[in-house]
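K.L.:
Sharing a structure, written as structure tokens. Questions coming.
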Amino acid sequence: MILDSAAFPSAAVAVGVAVFWMLAAMLSLFESERLRLVNRVLFPAAALAALLLAVVAVRAIAQPAQSLVVPLGLPGLPFHFRLDALAGFFLFLIGIGSAGVSIYAAGYFERETPQRLRLIGLQYHAFLAAMALVVLADDAYLFMLAWESMALASYFLVTTDHRLRAIRSAGFLYLLIAHVGAIALLLCFGILQGGGGLDAYTFEALRGAELTPFWATVAFVLAFAGFGAKAGMLPLHAWLPEAHPAAPSPVSALMSGIMLKTAIYGMVRVIYDLIGDVTWQWGLTVAITGALTALFGVLYALMQHDLKRLLAYHSVENIGIILIGIGLSMVFIATGHPAAGVLGLIAGLYHTLNHAIFKGLLFLGAGSILHATGLRNLNDMGGLIRRMPATAMYFLVGALAISALPPLNGFVSEWLTFQTALQAALLADGVLRSLVPLLAAMLALAGALTAMCFVKVYGIAFLGQPRAPRHAPDASRQRGDAGFHERLGMAWLALWCVVLGVFPSTVVGLLDRVAVSVTGHGLPRAALDSGWLWLVPARPEQASYAPAIFLITILIVFALTFAGVRWIWHGRLRRSAPWDCGFPEQSARMQDTADAFGQPIRWIFGPIYRIRRRVPAPDDAKPRFELEVADRLWHALYLPIARLVDWVCARVSLLQQGRISIYLLYSFVTLIALLLFVR
Amino acid sequence: MIDSAGIAFQIVQSIFVAASAPLLAGWVNQCRAWLQNRSGPGVLQPYHVLRRLFHKEAVLAENASPLFWSTPYIVFGCMWLAGGIVPVLATDLPFAPAADIIALVGLFALARVFVSLAALDIGTAFGGLGARREMLVGFLAEPAMLMTLFTAAFISGSTQLTTIVESLAHREFVIHPSLAFAAVAFLMVLLAENARIPVDNPATHLELTMIHEAMILEYSARHLALIEWASAIKLYTYMTIGIALFVPWGIAQGSDWGALPLALLALTGKLAVAGAGLALIETVSAKFRVFRAPEFLSTAFLLAVLGMLIHFLVRQ
């Protein structure tokens, strides 16, 4: 096979795919009513290009790194591209994820007007290209260029419905935090470069730069905060639950599924690769932040009744889980246990891939619900499994996967994270050794809460009786199940949920190469030689997991019982009204709502929410129960900062008098001052 | 890793667990009846119930989806698999490496999620109530269970249940204080996960307090039979996990057919005592209000974490 040969220009093809997406972005501008160019040609073509990218990327993981220098960019600093194992893994993620989303988008945007489609097509494909370039970039300038293009393209996608005020302000918040993060990254690259010309900004030079421990720590903090802001890490998460739901669903899928992962890529690239020597203090910071982020995300997700907002909070949670894995990996590597450290890194990266797949799938499912019913509020849904059986099936796969249930993919990465935490016995420091299992406990709690949350989502939206929406949606938008393209996109991602869940050792084998290229260490031989069926993190007698046996046994027992019961006894069945303990009156309003389902959580974890409740008095003629759950951090952290900025601005604005003579006076005074003090 | 004798042993154990699980449930009920000065229905009653249910015509609500009727089979499959993985009679099971303790907890979670979803499927008030409470109990019990198992995993340096049992049963006798904490925590989790008093009451249809029963109200005939059977296997599996972790002596090492009678005898004895103990607990304690369950289970969680920390402290 030609792709096997080392001479195959993987890096060039990968850059070519990004250029193709850029081209598709330009072509979108020629959209017209007659052509239907974007839907019929560009989205499917982008999906095919994504597949090509995935194939090339997966090959590149096994090959030595390839570099490419393109004479564009700054004079003295041409664009450097590099495709190594880490970049290959993330390009694979982008390829697999965006292939499903693009084909889905071809169906989802079918009814848009050409004017809107032009802009959506432009920004969508530019967004894809920018994400690929972030991963491919091998110098700080190209990286920041791609990073900012990604932020801007996604900003315009978020504000697609910019006529709504709420969406404009969500977009603004996103742009603001994205830029605070970008400034941190810029400073981080500046520190890493540490003096020198423009060519000191290539990653090659940054890798070689020697930093004192102090400056290395400063660079770590800046990179962690900068990438964390993009990833939605606590406490920089506030934009995420606002911006992701505001965007059209395929865009939400891209943002939650893939864009957040570029931040994880950046973190691994800068901290492991560019800064190099990690310390256990950094690792503990990352892991504890991750654990808090995970718990915070899931606890707030349980309070939501807007489906897309709920999914966005789950993205916060999953970023936390990824950070636990990466943080533990840094702790172990820094304390001289590379095998355990590599396991943590693999767990984190595996979860990165898994989250891209299942969160993409879930957002697409939410989009199909929105399309078919016009509903986003869970409290208005119900019984959709009977109206949209295909969407219901794919959504169930996604829901089980995100709930970390075997044998799907979410479980594998959480299992690996647990296995990493269980290596804590290796650690010499007593405090560290007791802290690491506690992180595992928090992960267990977050995982179990996720299962509760998705029982709520699935049970309220798809099961039960249809609830009467309080605001009747537009009748013209009422449709049946998702269309062909939408189903194809969801089926693709659902398939990967199963594949990544049932064949984990193949994926771990690939990730091992990534780990070798990033840290210089790999998993022990015993772990890699165990065959495709068995996933073994260290030694077979220590721990192993075979999801294929899981799946096959459950399916066989299912079939045997199903047939056996009919063969021994009978298969007679009668349909009748529900029993419900004999209560005669049953209406759809007697079912649990999404908020009711979260009530025990509100009761147990009350202090972490900011709850406003209005309970009707016993003698109210028109009783109304009102409940509002808000983000405590928003009020405790963001609003004070906003007020402080307002206050400072008000003081600074005293300088602005709007008269040119006064400005000239300022210039004059400044000049005099400079002449006096600067010699 | 897999040979034919091993597979035969595997199948024998799976069938043995599935077949004897209702007996344990019957024994617990009988003991409880004796303790409460009733004569009791006899230990074979669960078999009669299952047979009767299988004979009946299944009634399904009009709006039940495929998820509803397939759930009993899925849950039964999960419990069957769990019963095959736990070392009940011997430690050398070819399928045991397929799932370690974390995967086992995941398997129970999978079954729980499906039952809860099925409870929400019909859209009755009780189904939703049961599902919500079940998930509440579940998310509190699952971390506690994992922490308990982690304590044992730290002691034996493995999350593989067979390895844990071998290292606890066949090495020299060492007292692990951490295991005492873990045992108490495990007992509390067992009560909660198997819908026992004081968290839930398996014998009542009192609408304000029921959890598990509320979820399966809409099931009848073969579907109900499979769910009941799966619950019995779950109780059996939990008890054997507890036995494997805390009193593992007597289990056959490897798939040695000669040691089987002794292992069987030891197991029967231990299960009889454990079942009687469970009946005693259920007799002397009263059911909690639903909102006391979090306190109960967070106590279990804290005990398990304490056990783990003590393990690290003592080791130094």
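The values are calculated or read from the model by the stated rules, or taken from the named source; none is laboratory data. Here the structure is a predicted model, which means the values were calculated and not measured. Ideal geometry is used to build each Cβ from the backbone, glycine not excepted, and the neighbour counts take in all protein chains shown.
K.L.:
Just name the residue that is farthest from B:Phe76 (Cα to Cα) out of those in region A:573-607 that are exposed (fewer than 13 other Cβ atoms within 10 Å of the Cβ) and more than 9 Å from chain B (Cβ to nearest Cβ).
P.N.:
If we take residues in region A:573-607 being exposed (fewer than 13 other Cβ atoms within 10 Å of the Cβ) and more than 9 Å from chain B (Cβ to nearest Cβ), then A:Pro607 is farthest from B:Phe76 (Cα to Cα).
K.L.:
Which residue, of A:Met22, A:Met26, is out of contact with any strand residue (DSSP E or B) (no Cβ under 7 Å at 6 or more places or on another chain), on the phi < 0 side of the Ramachandran plot and crowded, with 18+ Cβ neighbours inside 10 Å?
P.N.:
A:Met22
K.L.:
Restricting attention to region A:558-572, and to residues there that are in contact with a Phe, Trp or Tyr (Cβ under 8 Å, 6 or more places away or on another chain) and surrounded by 13 or more Cβ atoms within 10 Å (Cβ to Cβ), which single residue is farthest from A:Phe454 (Cα to Cα)?
P.N.:
A:Trp569
K.L.:
Using the structure shown, decide if A:Ala11 is assigned to a helix (DSSP H, G or I), under 26 Å from the mean Cα position of the chain (by Cα), aliphatic (A, V, I, L, M) and at pLDDT 90 or above.
P.N.:
no
K.L.:
Whether any residue in region A:109-124 is in contact (Cβ under 8 Å) with a residue 60 or more places away in the chain and under 18 Å from the mean Cα position of the chain (by Cα) is what I want to check.
P.N.:
yes
K.L.:
Can you tell me which residue within region A:450-482, out of those that are surrounded by fewer than 24 Cβ atoms within 10 Å (Cβ to Cβ) and at pLDDT 85 or above, is nearest to the other protein chains (Cβ to nearest Cβ)?
P.N.:
Only one residue fits best here, namely A:Gln465.
K.L.:
Can you name every residue in region A:29-63 that is β-branched (Val, Ile, Thr) and either surrounded by fewer than 18 Cβ atoms within 10 Å (Cβ to Cβ) or more than 19 Å from A:Pro250 (Cα to Cα) (or both)?
P.N.:
A:Val41, A:Val55, A:Val56, A:Val58, A:Ile61
K.L.:
Could you tell me which of the residues A:Gly266, A:Gly297 is within 16 Å of the chain's Cα centre (by Cα) and not assigned by TED's automatic domain parsing to the domain that holds A:Thr417?
P.N.:
Every option except A:Gly266 fails the conditions.
K.L.:
Further question on the same structure: In this structure, does B:Phe108 turn out to be part of a helix (DSSP H, G or I), touching a Cys at 6+ places or on another chain (Cβ under 9 Å) and surrounded by fewer than 24 Cβ atoms within 10 Å (Cβ to Cβ)?
P.N.:
Taking the combined requirement at face value, the residue satisfies it.
K.L.:
Restricting to region A:409-439, and then to whatever is under 21 Å from the mean Cα position of the chain (by Cα) and within 9 Å of chain B (Cβ to nearest Cβ), can you tell me which residue is farthest from A:Leu361 (Cα to Cα)?
P.N.:
Only one residue tops the list, namely A:Phe418.
K.L.:
OK, next. Of all residues in region A:100-116, which are surrounded by fewer than 24 Cβ atoms within 10 Å (Cβ to Cβ) and assigned to a helix (DSSP H, G or I)?
P.N.:
Within region A:100-116, A:Gly107, A:Pro114, A:Gln115, A:Arg116 qualify.
K.L.:
I'm told B:Leu67 meets every condition in (1) under 27 Å from B:Ala19 (Cα atoms); (2) in contact (Cβ under 8 Å) with a residue 60 or more places away in the chain except one. Can you identify the failing condition by its number?
P.N.:
(2)
K.L.:
Select from region B:271-288 the residues that are over 19 Å from B:Ala232 (Cα atoms) and without any contact (Cβ under 8 Å) to a residue 12 or more places away in the chain and list them in ascending order.
P.N.:
B:Val284
K.L.:
Filtering region A:548-571 down to residues that are touching a residue at least 12 places away in the same chain (Cβ under 8 Å) and more than 8 Å from chain B (Cβ to nearest Cβ), which residue is farthest from B:Val59 (Cα to Cα)?
P.N.:
Ranking the candidates gives A:Ala548 first.
K.L.:
Can you name every residue in region B:32-43 that is part of a helix (DSSP H, G or I) and either within 14 Å of chain A (Cβ to nearest Cβ) or within 21 Å of the chain's Cα centre (by Cα) (or both)?
P.N.:
Of everything in region B:32-43, just one residue is part of a helix (DSSP H, G or I) and either within 14 Å of chain A (Cβ to nearest Cβ) or within 21 Å of the chain's Cα centre (by Cα) (or both), namely B:Arg32.
K.L.:
Right, something else. Name the residue, out of B:Gly123, B:Gly130, B:Gly83, that is closer than 26 Å to A:Ala588 by Cβ and more than 9 Å from chain A (Cβ to nearest Cβ).
P.N.:
So the residue among B:Gly123, B:Gly130, B:Gly83 that is closer than 26 Å to A:Ala588 by Cβ and more than 9 Å from chain A (Cβ to nearest Cβ) is B:Gly130.
K.L.:
Same structure, new question: Going by the structure shown, is B:Phe76 facing chain A (nearest Cβ under 8 Å) and either out of contact with any Pro (no Cβ under 9 Å at 6 or more places or on another chain) or not small (Gly, Ala, Ser) (or both)?
P.N.:
Spelling it out, B:Phe76 is indeed facing chain A (nearest Cβ under 8 Å) and either out of contact with any Pro (no Cβ under 9 Å at 6 or more places or on another chain) or not small (Gly, Ala, Ser) (or both).
K.L.:
When you check A:Ser517 against the structure, is it away from every other protein chain (no Cβ under 12 Å) and touching an Asp or Glu at 6+ places or on another chain (Cβ under 9 Å), yes or no?
P.N.:
Against the criterion (away from every other protein chain (no Cβ under 12 Å) and touching an Asp or Glu at 6+ places or on another chain (Cβ under 9 Å)), A:Ser517 qualifies.
K.L.:
Taking the stated definitions as given, is A:Gly290 in contact with a Gly (Cβ under 9 Å, 6 or more places away or on another chain) and outside the structural domain of A:Ala526 (by TED's automatic domain parsing)?
P.N.:
Judged against the criteria, A:Gly290 is not a match.
K.L.:
Here's another thing I want to ask about it. For A:Val41, state whether it is more than 20 Å from A:Val514 (Cα to Cα) and free of Cβ contacts under 8 Å to residues at least 24 places away in the same chain.
P.N.:
yes
K.L.:
Scan region B:142-156 residue by residue and report those that are more than 8 Å from every other protein chain (Cβ to nearest Cβ) and in contact with a helix residue (DSSP H, G or I) (Cβ under 6 Å, 6 or more places away or on another chain).
P.N.:
Residues satisfying the conditions are B:Ala144, B:Met145, B:Thr148, B:Leu149, B:Thr151, B:Ala152, B:Ser156.
Results for (1) in a loop (DSSP other than H, G, I, E, B); (2) free of Cβ contacts under 8 Å to residues at least 60 places away in the same chain, shown as yes or no for each residue.
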position: A:Glu210; (1), (2): yes, yes
position: A:Ala216; (1), (2): no, no
position: A:Gly228; (1), (2): no, no
position: A:Met233; (1), (2): yes, no
position: A:Ser252; (1), (2): no, no
position: A:Met255; (1), (2): no, no
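K.L.:
While we're here: List every residue pair whose Cβ atoms lie under 7 Å apart, where the two residues are 6 or more positions apart in sequence or sit on different chains, the first residue falls within region A:395-406 and is among the polar types (S, T, N, Q), and the second residue, located anywhere, is buried (at least 24 other Cβ atoms within 10 Å of the Cβ).
P.N.:
A:Ser403/A:Gly410; A:Ser403/A:Thr450; A:Ser403/A:Ala451; A:Ser403/A:Phe454; A:Ser403/B:Val113
K.L.:
I would also like to ask the following. For region A:440-449, give me the residue count where each residue is within 8 Å of chain B (Cβ to nearest Cβ) and crowded, with 24+ Cβ neighbours inside 10 Å.
P.N.:
5
K.L.:
For a quick check of your reading of the model, give me the residue pairs whose first member lies in region A:578-590 and is farther than 23 Å from B:Ala58 by Cα, whose second is surrounded by 11 or more Cβ atoms within 10 Å (Cβ to Cβ) and at pLDDT 80 or above, with beta-carbon atoms closer than 6 Å and at least 6 apart or on different chains.
P.N.:
Short answer, once both residue conditions are applied: A:Ala588/A:Gln465; A:Ala588/A:Arg467; A:Met590/B:Ala125.
K.L.:
Looking at the structure I just gave you, is B:Thr159 within 8 Å of chain A (Cβ to nearest Cβ), part of a helix (DSSP H, G or I) and without any contact (Cβ under 8 Å) to a residue 60 or more places away in the chain?
P.N.:
No; evaluated as a whole, the condition is false for this residue.
K.L.:
Report, by residue number, each residue of region A:30-60 that is assigned to a helix (DSSP H, G or I) and farther than 14 Å from A:Val13 by Cα.
P.N.:
Once the filter is applied, which keeps residues that are assigned to a helix (DSSP H, G or I) and farther than 14 Å from A:Val13 by Cα, region A:30-60 yields A:Phe30, A:Leu37, A:Val38, A:Asn39, A:Arg40, A:Val41, A:Leu42, A:Phe43, A:Pro44, A:Ala45, A:Ala46, A:Ala47.
K.L.:
Out of the residues in region B:44-54 that are free of Cβ contacts under 8 Å to residues at least 24 places away in the same chain and assigned to a helix (DSSP H, G or I), which is nearest to A:Val565 (Cα to Cα)?
P.N.:
Within region B:44-54, the match that is nearest to A:Val565 (Cα to Cα) is B:Arg51.
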